[in-house]
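Asks: What follows is a single structure, and I will ask about it in a moment.
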Amino acid sequence: MTLVAIVGRPNVGKSTLFNRISRKTSALVDDFPGVTRDRNYAQITWEGKSFAFVDTGGYVSTDSSFIEKQAREQVLLALEEADIILFVADAKTGLHPEDTLLVDILRRTSKPIFYAVNKIDGPEQTRHLAEFYELGIDRLYPISSAHGFGIGELMTDLAELIPAPPEEVEETETNEIRISIVGRPNVGKSTLVNQILGTQRVIVSPIPGTTRDAVDTAFERHGQRFVLIDTAGIRRKGKTREKLEKISIIKALQSIERSHIAIILIDATEGVTDQDLHIAGYIQDRARGCVIGINKWDAIDKDPKRTKRFMEEVRDRFRFFPFAPILTFSAMTGKRVSKILPTVSEVFAQYNQRITTGIVNRALEQSLQRHEPPMVGGRRLKFYYATQASVRPPTFVLFCNYPDLVHFSYERFLTNQFREAFNLDKTPIRLLFRGRQKGAGEE
Ligand SMILES: Nc1nc2c(ncn2[C@@H]2O[C@H](COP(=O)(O)OP(=O)(O)OP(=O)(O)O)[C@@H](O)[C@H]2O)c(=O)[nH]1
Ligand SMILES: Nc1nc2c(ncn2[C@@H]2O[C@H](COP(=O)(O)OP(=O)(O)OP(=O)(O)O)[C@@H](O)[C@H]2O)c(=O)[nH]1
């Protein structure tokens, strides 16, 4: 997905603009689920084009010279990582020497840049625009983030640069397994990529991903084709790790989006952190297959008691992922890395599993017998029929009398029953509840 970064001096109104675009416009906003804590990025659809917005601002320092340095760094990082840059200046303060500096940096790139002058709240203020033409930019967008003026036009021009959404690749029945490797900085992602690719002789070819930086790598193993998503992105080392955080998480989300199976790496020497769960939450929301990889296993004390406690803790913190296999390995020494691809294949096979309708209905009947559906609001919940609607992940539609009243705990019960009956212990599955079909072709 195309990534648009908003950059500019402190206080020019970047977050106000971001908020307006992500919440208060008619743009359809799909917050990245699972990562709602950080409000700095949003997935947006404007005139049929989808893209992600990131606000690079929010400088913590109060020392103004330091802030300016930080702003410059953000611009450099945005240039490196984003596909389109949206530069914002402030009409109220007027043209600032620092604006000129930032614009000079931006000029060095061939990436598309949009220049907006903010806080032009009414027609009488458009005169403030004049001095910004000193920057030598042909097209300036006068906007008011606070009042919403000029935003629509800017967004429309921006959307024009974004490629049309690709045909839904997801459901094409190719058998290549698309894998994303995600995790916090320093967990060993690139070491693992090198280890996996180093042991694979048949590297098919690097294939350009959706954005210019994203280069995926395809290879074959025992006749199975694998694609490692965004190999280039994983290998590229960020110099200023901390500040990359905002963009790097979006990159991870985008990789997950494009993959079938996500390998989330945990650093054994640090244990499971909140951010690991944050990323995992996104894998869950997107219903991707998942393998939990505990890396740097060589570096910890392998006292059996301690190991047992460690594994229990991982299971507990990932309790929302009971189906994700957990592997321990060392990307550095290569020990047990060979387990990864077979495990991924196993998860993928289940992720694609189709169950015949007869078997689905037998499992439904048995589940209903084992545990009668509860009364809801004085009414008895009744299930009529079930069928598998799709794969990736296996998704089952259950027709019943009160589809909206199926309680979470009963849904969980049915999910567990289905998992067991169909041997789907390693993949997410989805249950959808629908009202009884009234006639052919009707929902
Ligand atoms: N008059 C006017 N004020 C605005 C407009 N947009 C933002 N502001 C004000 O400008 C100030 C700074 O806005 P922010 O959105 O926090 O600026 P920022 O660029 O995100 O700041 P950093 O977080 O430091 O990077 C706030 O007081 C806003 O209310 C606008 O269109 N018109
Ligand atoms: N002991 C040990 N160290 C490892 C292992 N895997 C990676 N490391 C070390 O951990 C550090 C980070 O590894 P990278 O592969 O660069 O991690 P990364 O996740 O790609 O890092 P970012 O680029 O910051 O996201 C390096 O110093 C590696 O040598 C491992 O299995 N065992």
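Asks: Of the residues that sit in segment 39-52 and are assigned to a loop (DSSP other than H, G, I, E, B) and modelled with pLDDT of 75 or more, which one is nearest to ligand 1 (Cβ to nearest atom)? Give the steps one after another, and end with the answer.
Replies: Step one: of segment 39-52, the residues assigned to a loop (DSSP other than H, G, I, E, B) are 39-40, 47-48.
Adding the requirement that they be modelled with pLDDT of 75 or more leaves 47-48.
Values: Glu47: 23, Gly48: 27 Å.
Across segment 39-52, the extreme among qualifying residues is Glu47.
Asks: State the number of residues belonging to segment 335-352 that are in a helix (DSSP H, G or I) and charged (D, E, K, R).
Replies: To start, the set of residues in segment 335-352 that are in a helix (DSSP H, G or I) comprises 337-351.
Keeping just the survivors that are charged (D, E, K, R) gives 339, 346.
Going through segment 335-352 one residue at a time, the tally reaches 2.
Asks: Further question: Between Arg225, Arg241, Arg236, Arg201, which is modelled with pLDDT of 85 or more, among the basic types (Lys, Arg) and open to solvent by 50 Å² or more (accessible area, probe 1.4 Å)? Outline the logic, then answer.
Replies: Values: Arg241 fails: modelled with pLDDT of 85 or more; Arg236 fails: modelled with pLDDT of 85 or more; Arg201 fails: modelled with pLDDT of 85 or more.
Just a single option satisfies the conditions, and that option is Arg225.
Asks: Taking Asp55 and the conditions (1) acidic (Asp, Glu); (2) within 13 Å of ligand 1 (Cβ to nearest atom); (3) over 28 Å from Ile250 (Cα atoms), which numbered condition does it fall short on, given that it satisfies the others?
Replies: Against the list (1) acidic (Asp, Glu); (2) within 13 Å of ligand 1 (Cβ to nearest atom); (3) over 28 Å from Ile250 (Cα atoms), Asp55 comes up short only on (3).
Asks: A further question on this structure: Yes or no: Arg392 surrounded by fewer than 17 Cβ atoms within 10 Å (Cβ to Cβ), under 29 Å from the mean Cα position of the chain (by Cα) and assigned to a loop (DSSP other than H, G, I, E, B)? First the steps, then the outcome.
Replies: Details: surrounded by fewer than 17 Cβ atoms within 10 Å (Cβ to Cβ): no; under 29 Å from the mean Cα position of the chain (by Cα): yes; assigned to a loop (DSSP other than H, G, I, E, B): yes.
Considered against the rule, which asks whether it is surrounded by fewer than 17 Cβ atoms within 10 Å (Cβ to Cβ), under 29 Å from the mean Cα position of the chain (by Cα) and assigned to a loop (DSSP other than H, G, I, E, B), Arg392 comes out as no.
Asks: Kindly establish whether Val117 is touching a Leu at 6+ places or on another chain (Cβ under 9 Å), open to solvent by less than 20 Å² (accessible area, probe 1.4 Å), assigned to a helix (DSSP H, G or I) and modelled with pLDDT of 75 or more. Full working, then the answer.
Replies: Values: touching a Leu at 6+ places or on another chain (Cβ under 9 Å): yes; open to solvent by less than 20 Å² (accessible area, probe 1.4 Å): yes; assigned to a helix (DSSP H, G or I): no; modelled with pLDDT of 75 or more: yes.
Taking the combined requirement at face value, the residue does not satisfy it.
Asks: Among the listed residues Glu81, Glu68, identify the single one that is modelled with pLDDT under 90 and open to solvent by less than 20 Å² (accessible area, probe 1.4 Å). Steps first, answer last, please.
Replies: Working: Glu68 fails: open to solvent by less than 20 Å² (accessible area, probe 1.4 Å).
Exactly one of Glu81, Glu68 is modelled with pLDDT under 90 and open to solvent by less than 20 Å² (accessible area, probe 1.4 Å), namely Glu81.
Yes or no, residue by residue, for (1) within 16 Å of ligand 2 (Cβ to nearest atom); (2) of a type in the set (A, V, I, L, M); (3) under 17 Å from Lys189 (Cβ atoms); (4) open to solvent by less than 20 Å² (accessible area, probe 1.4 Å):
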{"residue": "Asp276", "(1), (2), (3), (4)": "yes, no, yes, yes"}
{"residue": "Ala287", "(1), (2), (3), (4)": "no, yes, no, yes"}
{"residue": "Ile292", "(1), (2), (3), (4)": "yes, yes, yes, yes"}
{"residue": "Arg306", "(1), (2), (3), (4)": "no, no, no, no"}
{"residue": "Glu313", "(1), (2), (3), (4)": "no, no, no, no"}
{"residue": "Pro322", "(1), (2), (3), (4)": "no, no, no, no"}
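Asks: Let me ask something else about it. Looking only at residues that are farther than 20 Å from Asn19 by Cα and touching a residue at least 12 places away in the same chain (Cβ under 8 Å) in segment 137-158, which one is surrounded by the most Cβ atoms within 10 Å (Cβ to Cβ)? Please lay out each step first, then the result.
Replies: Taking segment 137-158 as the starting set, the residues that turn out to be farther than 20 Å from Asn19 by Cα are 137-140.
Those still in the list that are touching a residue at least 12 places away in the same chain (Cβ under 8 Å) too: 137, 139-140.
Values: Ile137: 16, Arg139: 8, Leu140: 18.
Going through the qualifying residues, I end up with Leu140.
Asks: Same structure, new question: Inside segment 93-114, can you point out the residues that are outside any helix (DSSP H, G or I) and more than 23 Å from Met155 (Cβ to Cβ)? Walk me through how you get there before you give the answer.
Replies: The first filter runs over segment 93-114 and keeps only residues outside any helix (DSSP H, G or I), leaving 93-96, 108-114.
Selection gives Thr93, Gly94, Leu95, His96, Arg108.
Asks: Could you please find all residues in segment 384-409 being hydrophobic (A, V, I, L, M, F, W, C) and farther than 16 Å from Gly435 by Cα? Before the answer, list the steps.
Replies: Residues of segment 384-409 hydrophobic (A, V, I, L, M, F, W, C): 386, 389, 391, 396-400, 405-406, 408.
Answer for segment 384-409, where residues must be hydrophobic (A, V, I, L, M, F, W, C) and farther than 16 Å from Gly435 by Cα: Val391, Phe408.
Asks: Can you run down the residue pairs with Cβ atoms below 8 Å, 6 or more apart or on separate chains, where the first is in segment 340-360 and of a type outside the set (A, V, I, L, M) and the partner is assigned to a helix (DSSP H, G or I)?
Replies: Short answer, once both residue conditions are applied: Gln353/Phe422.
Asks: Among (1) more than 16 Å from ligand 2 (Cβ to nearest atom); (2) open to solvent by 20 Å² or more (accessible area, probe 1.4 Å); (3) part of a helix (DSSP H, G or I), where does Ile283 come up short?
Replies: Looking at each condition in turn, Ile283 falls short on (2).
The values are calculated or read from the model by the stated rules, or taken from the named source; none is laboratory data. Just so it is clear, the model here is predicted, and its values are computed rather than measured. Note that we place each Cβ from the backbone using ideal geometry, even for glycine, and neighbour counts take in every protein chain shown. Ligands, DNA and RNA are stripped out before the accessible areas are found, and what is left, the full protein with its side chains, is counted by its heavy atoms. Shrake-Rupley method; radii C 1.70, N 1.55, O 1.52, S 1.80 Å.
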